[in-house]
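Read through the structure below, which is laid out as structure tokens, and then see the notes.
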Amino acid sequence: MMNNRKTFTVAAAPALLAFALAGCGNDEVIQAPDEPPTLGDLTVLSVTPCLEQIVPGTGTSVLDLIVPDTITVDLSQPSGFPNGRALPDPVIDVTLAVALLDMDVHGPSTFVNIPLNPASNDVPFRDAFPFLGLPQGDPPLEGSDTATQFDFIDAPLGDYDRVDRTGMPAISPALIGVPVRPDYNDAGPPEDEALVFASELTTQLTTLTQILLDDFEAAGLTPCASVG
Amino acid sequence: MRRTLWMGGLALCAAALVPLAFIGGEKPLPAADHLDPPQRTNPNSDETPDIAADIADLYVTHDDEVIVMTVTFGGPSAPELPAFYDEELLFTISVSNREPRTTTDIPIRFQFGQETGVEDGPWGVRVTNVPGVDGDVVGSVERIIEQNGVRVFAGLVDDPFFFDSQGLSDTRATGDLSFREDRDFFGAQNITAFAIEIPRDRIENGGNLLDIWTFSDRLGGQLDDE
């Protein structure tokens, strides 16, 4: 089985973050606090431990899960996120857990078990192909039992321009800043694999972790990021 | 042309306190991939949103016999709205089943077109480059099309994604964990979809992993200039 993924060597992002944080304050000497600070008072130093941790039950790191932005399937293993993605899978809660929480302390289903988000779809899925639920309401449906000839455009692939792409759920909306989204969607797995967007992913994950530190502490959760 | 991913120290200082999405002046609507990229697909950010090209989710499942790949797009939409079909769009499901795992070995392409010779006629779907199929798979939307052991469906369905998008927006805006299990932004909404079921021996390559992604392309360029 092939599984020779990249090694996480995003040197630029931590360096940039260190530079930025160094320039945020003033020149005052910082005194050691009398009491241990709470998580909410601390700063995220690095999310590298989050990206390098193994998703329990998969043998795959978080980084390999989200870079490149594809859905990976091992046909020798049972189907279900992150080995593929089924319609009922609570993908966002699982992805948030493995990217934000220490997997040595918590499991991928931590947020699912709270539950953080709705646990299931609002209507049932069909039990046969195409499995998707029937449309809600009474919308016009445009099929035909008699039409057999349709007008399809035959044009060279070079005449088309990219609009959108996706693989793993929510990578672009959650971990790519809005100004970078067009470039991200114009790219593809080769650019992902070359870590073209690594600093962006790291910065967004750092931001999300930072604003949630106090919530993690209140909930008794241990973040995977290093803080100080 | 790519943009340099350079960020100055000032921006990152701000990033420690404020989500970059807000720095960019955009109000995000977090979802799977709905309304993304916002500069091309979100009516809040784009005067000519390309809703029909807006991919929402990719699903891939398998069992001992088949692999099912499903793509949703053009949503979420209100229950009274029809599906979003556009003849000038080309959707691709890319499958890599060998090294390098980032390049496409099997590009399965989906297009839509209306009945020949009928003004504003019913829509059909064409699927090309399907392994093990003689020619193209062609048939009406809203029907299950079967050919050479492959099944295809395209049509309007319930949006299968469930998530409290407002919760993530509020979390990022306030810094407080604000998700609610009883608030599903995608509940009671529909979306357009296509799905293909293929015998797995048409795609699997020994014990190699499969890597799958999808994208949409518009003939003649995007609807706007971003």
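Just so you know, all these numbers are worked out from the coordinates, no wet-lab data involved. Owing to the predicted nature of the structure, the values given are computational and were not obtained by experimental measurement. Here the Cβ positions follow ideal geometry from the backbone for every residue, glycine too, while neighbour counts run over all protein chains shown.
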*Dipole-positive endmost among B:ALA188, B:TYR85, B:HIS62 within chain B (Cβ charges, Cα centre)*: B:HIS62
*Sites B:THR48 and B:GLN166, calculated FRET efficiency, Cβ-Cβ separation with R0 41 Å, nearest 0.05*: 0.95
*Enter the angle in degrees (range 0 to 90, nearest 10) between the Cα long axis of helix B:165-174 and the first principal axis of the Cα atoms of chain B, meaning the one along which they spread out most.*
20
*Mind putting a number on the dipole of the range A:90-228 about its Cα centre? Charges go on the C-beta only, +1 for Lys and Arg and -1 for Asp and Glu, and I need it in Debye to the nearest 20.*
320
*Can you list the HN-Hα couplings for the range A:190-203, worked out from phi with the Karplus curve (6.51, -1.76, 1.60; θ = phi - 60°), rounded to whole Hz and with x for Gly and Pro?*
x, 5, 4, 4, 7, 6, 4, 9, 5, 5, 5, 4, 5, 5
*Which ³J(HN,Hα) values in Hz, rounded to whole numbers, follow from the phi angles of the range B:78-84 under the Karplus curve 6.51 cos²θ - 1.76 cosθ + 1.60, where θ = phi - 60° and Gly and Pro get x?*
5, x, 8, 8, x, 5, 9
*Which ordering of A:TYR184, A:TYR160 is given by a fewest-first count of other beta-carbon atoms within 10 Å?*
A:TYR160, A:TYR184
*Bin all alpha-carbon pair distances of the range A:52-173 at 5 Å intervals from 0 and give each bin's fraction as a whole percent.*
2, 8, 13, 16, 15, 13, 12, 9, 6, 4, 1, 0
*Packing-based order for B:142-149, A:168-175, B:186-193, A:191-198, using average beta carbon neighbours within 10 Å, highest first*: A:168-175, B:186-193, A:191-198, B:142-149
_Net lengthening on full extension, A:LEU141/A:ALA119 (0.36 nm per residue, minus Cα-Cα)_ = 5.0 nm
_Check which residues have an amide H placed less than 5 Å from A:ALA170's amide H, if you skip close sequence neighbours._
B:ASP33
*At q = 0.09, 0.10, 0.12, 0.18 Å⁻¹, what log₁₀ I(q)/I(0) does a Debye calculation on the Cα points of the range A:104-228 give, no solvent, two decimals?*
-0.52, -0.63, -0.84, -1.20
*Please list A:111-122, A:127-138 highest first by mean number of surrounding beta-carbon atoms within 10 Å per residue.*
A:111-122, A:127-138
*asked:* Under a crude label model (7 Å from the Cα following the beta-carbon direction), how far is B:ASN148 from A:GLN77 in nanometres?
replied: 3.2
_Footprinting exposure proxy for A:ASP151, B:ASP184 (fewest neighbouring C-beta atoms within 10 Å first)_ = A:ASP151, B:ASP184
*Of B:PRO122, B:PRO131, B:PRO160, the one that fluctuates the most in a GNM where chain B has Cα springs shorter than 10 Å*: B:PRO122
*So what J values fall out for the range A:156-167 if you push phi through Karplus, 6.51 cos²θ - 1.76 cosθ + 1.60 with θ = phi - 60°, rounded to Hz, Gly and Pro as x?*
x, 4, x, 8, 9, 10, 5, 10, 8, 8, 7, x
*Pairwise centroid distance, computed over Cα atoms, of the range A:102-157 with the range A:178-207, Å*: 26
*Treat the range B:140-197 as a sphere of radius equal to its Kirkwood radius over Cα pairs and apply Stokes-Einstein at 20 °C in a medium of 1.002 mPa s; give the translational diffusion coefficient in µm²/s, rounded to a whole number.*
156
